[in-house]
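Here the structure comes first, spelled out in structure tokens, and everything after it is commentary.
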Amino acid sequence: MALRLSALADADIVAILRHSRQTFGPHQATRYAALIERCLMMIDENPMRPSSQDCSDIRSGLRACHVALAAGRGGAAVHKVYYVVREIDGRPVTFVGRVLHERMEPRSRLARALSEC
């Protein structure tokens, strides 16, 4: 399967890692980057994985995966990856709209990003 990040998702990751570096130091920022990357790989391997969350109340087909799942333990991360799977040229593509802090209300923050897919 293919995975594509919206411009906003890409900017989210840059901001998250900048904040991690400034707050927790470069070592922790590197570890968090690896967790985000692992979460994206998990989504790409199986976007409908049982551990992901159905968010169809926000938009049909929208799902979320908590980055902490990539660590295999709760409390290891505080962000969620929001995504949809679409067919493009007859092939499924996972489109990541945003990467948001778990406390952020996603509905308003996803509207612009999801208009790209």
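For the reader, a short list of remarks on this structure follows.
- Most fluctuating residue given options His66, His101, His27, as computed from a GNM of the chain linking Cα atoms under 10 Å: His27
- Counting only DSSP H runs of at least 4 residues, each contributing -39500 (n - 2.57), and dividing by the residue count of the chain, the helix-based mean residue ellipticity at 222 nm comes to -13500 deg cm²/dmol.
- Sites excluded, trypsin sites (Lys or Arg not before Pro) in DSSP loops with at most 11 other C-beta within 10 Å, longest stretch of the chain: 1-72
- Relative intensity of the range 74-117 on a log10 scale, I(q)/I(0) at q = 0.20 Å⁻¹, equals -0.68, per a Debye sum over C-alpha point scatterers of equal strength in the absence of solvent.
- Value of Rg to Rh for the chain, rounded to two decimals, is 0.95; Kirkwood radius and Rg both from alpha-carbon coordinates.
Values in this text are rule-based calculations from the coordinates and carry no lab data. Just so you know, these numbers come straight off a predicted model, no measurement behind them. Neighbour counts run over all protein chains shown; Cβ positions are idealised from the backbone, glycine included.
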